[in-house]
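The values are calculated or read from the model by the stated rules, or taken from the named source; none is laboratory data. Predicted, not measured: the structure shown is a model, and the values here were computed from it. FYI the Cβ positions are ideal-geometry reconstructions off the backbone, even for glycines, and counts take in every protein chain you see. Each accessible area value is taken on the protein alone, full model and side chains, heavy atoms only, with ligands, DNA and RNA left out. Shrake-Rupley method; radii C 1.70, N 1.55, O 1.52, S 1.80 Å.
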Amino acid sequence: MSDVRDRVRFSYSTTVSHRPGLALVSTLTGSWSMSSSLLLRSLRSRTLSRSYGFSLSSPDRLQFIQTEKPRTPPPSKSLVFGHTFTDHMLTIPWSSSEGWGIPKIEPYAPLSLEPSSTVLHYAQTLFEGMKAYRDEHGKVTLFRPDMNMKRMNTSAERVSLPTFDGDALIQLIKKLIHIERDWIPREPGHSLYVRPTMIGTQKFIGIAPPSEALLFVICSPVGPYYPDGFKPIALYGTTEYIRAAPGGTGAFKLGVNYAPAVMPQKKAAQMGYAQNLWLHGPEHYLTEVGTMNMFVVLRKGDSVELVTPPLDGLILPGVTRDSVLSLARGHASGTYKIPNLPEKLIVSERPITMKEVQEAEASGNLVELFGSGTAAIISPVNRIGYLGKDIHVPTGEDGMGPVSRPIWTELVGRQMGTIPSEWSVPVTA
Ligand SMILES: *Cc1c(COP(=O)(O)O)cnc(C)c1O
């Protein structure tokens, strides 16, 4: 332990408030005469052992153990999504008796886990995906990180992993990104993909809320999803497998949702389709595309309707989905006009069936269909294999459609900092 302390070369202090912790614990005791930090510490662990800890260990206790073998980031051209990781990672242990422990930024390295760790047996694991962008002046930003923290806490609750103070974790992630800033590629369209993860680490082959957990964050430099321009993809309207079910876990970013989708994806690929279009129920409601949310654009008289399924428990509440919806709604209501987006735009969160898509194709009213997510941002679709036939979806010359193109342009502008936006959050040291 002292060895670790000796190697700490960096101590970090911020103004992140402990008040969420205080608000609750102050009702548990009246002994305010203790030194405040002592009080906080004792109260925090008392609270946490009862309530699955909502107050993440304070960022001001962060320890930084710098790598002794710094690497040179590889040339941006050679980057393949999700294969390269930076020099450091953030780790924060949790236990039901101690609450959140000391956060550490330490060299990226294998984790040491007991073979009996709950995560290895019952998939007590969740993750997030967010990106840090560097603008042309070198300023580094995150895109709506509060949304990721909110979702991560929702996921944690769903699998009985501990919750935490999202603002405190953002502070720590910013610190990590600042340390790794030279790993953010400078080329346009590139970014640093940030992967917060939480796992149950208790050594116990029993199905119960784990009494120990580990939150960690790793970073991966990534290039643009479509380096040579948009390439519309073909989907397989999957009727033999499902991704999510009512009352299940589809609305949460849990590891358990993803492994079962790999085999159906492989089968779709063997038939010449890039991704599964996940359907629900005998009506074949469209839900999601691979690991992306989904939008359909329909012509309705002299208007166009942008449709996405509602957040009914089957749909992962994507940050990109929410951003597309709020941009489209701002445009439709006239509060924030987006250049080149059709003037008469109807924005609908409503169920949509394959029958409706087929009929729209037949009547020439299917305008476009696209997926949305942090990795690809917008992914246009040109074909859907469904019950032995192909539905053809129009795409423009550049692969995009009349709604996705202007929205993509606005979204990327806000992410890269060329369009000022509250969604873009600076990563300051
Ligand atoms: C992560 C994810 C999305 C997209 O969410 P974003 O926050 O926009 O990246 C959509 N669907 C599934 C199943 C996902 O895992």
Would you mind listing how long the range 233-418 runs along its three principal axes, going by Cα atoms, in whole Å with the largest first? 42, 36, 29
Treating only the Cβ atoms of Lys and Arg (+1) and Asp and Glu (-1) as charged, compute the dipole magnitude of the range 58-222 about its Cα centre; round to the nearest 20 debye. 380
Candidate lysines for bridging to Lys389, where Cα separation is under 23 Å - those fewer than 8 sequence places away on the same chain excluded: Lys231, Lys266, Lys267, Lys355
Over the range 58-222, with neighbouring protein chains present, the accessible area per residue in Å² at probe 1.4 Å is 42
Helix-only CD estimate at 222 nm, as mean residue ellipticity for the chain, using -39500 (n - 2.57) per DSSP H run (n ≥ 4): -8000 deg cm²/dmol
Hey, can you grab everything whose amide H is under 5 Å from the amide H of Leu126? Only 5+ residues off in sequence or another chain; H modelled, so Pro and N-termini drop out. Met198, Gly255
How compact is the chain by the rule of thumb for globular proteins, expressed as Cα Rg over 2.2 N^0.38 Å? 1.05
Using only the Cα atoms, what convex hull volume per residue in Å³ does the range 154-286 have? 172
Bins of 5 Å, beginning at zero and ending with the bin holding the largest distance: percent of Cα pairs per bin for the range 157-229, please. 3, 13, 19, 16, 14, 12, 11, 7, 4, 2
At R0 = 30 Å, FRET efficiency that the Cβ-Cβ distance of Asp228 and Lys139 yields, to 0.05: 0.65
Approximate spin-label separation Lys267-Tyr122, in nm, with each point projected 7 Å along Cα-to-Cβ: 2.9
Distribution of pairwise C-alpha distances over the range 221-340, 10 Å bins, in %: 11, 35, 36, 16, 2
The range 367-388 and the range 185-201: distance between their alpha carbon centers, rounded to Å: 23
Just to be sure I understand the model, the point goes 7 Å from the Cα along the line to the Cβ. What's the resulting Ser333 to Ser97 distance in nm? 5.2
Over all directions, the average projected area of the alpha-carbon convex hull for the range 58-222 comes to how many nm²? 10.0
Cβ-based charge dipole, the range 327-377, positive-most Cα from Leu345, Ala360, Gly334: Gly334
Just to be sure I understand the model, the point goes 7 Å from the Cα along the line to the Cβ. What's the resulting Thr239 to Leu113 distance in nm? 3.8
What is the sum of charges, Lys and Arg at +1 and Asp and Glu at -1, for the other residues whose Cβ falls under 14 Å from the Cβ of Met147? +2
Calculate, in nm to one decimal, what Val256 and Lys300 gain on full extension: separation in residues at 0.36 nm each, minus their alpha carbon distance. 11.9 nm
Lysines within cross-link reach of Lys150: Cα-Cα under 30 Å, excluding same-chain residues under 8 positions apart? Lys104, Lys131, Lys139, Lys174, Lys175, Lys203, Lys253, Lys337
Just to verify a number: FRET efficiency for Thr72 and Asp146, C-beta to C-beta distance, R0 = 30 Å, to 0.05? 0.35
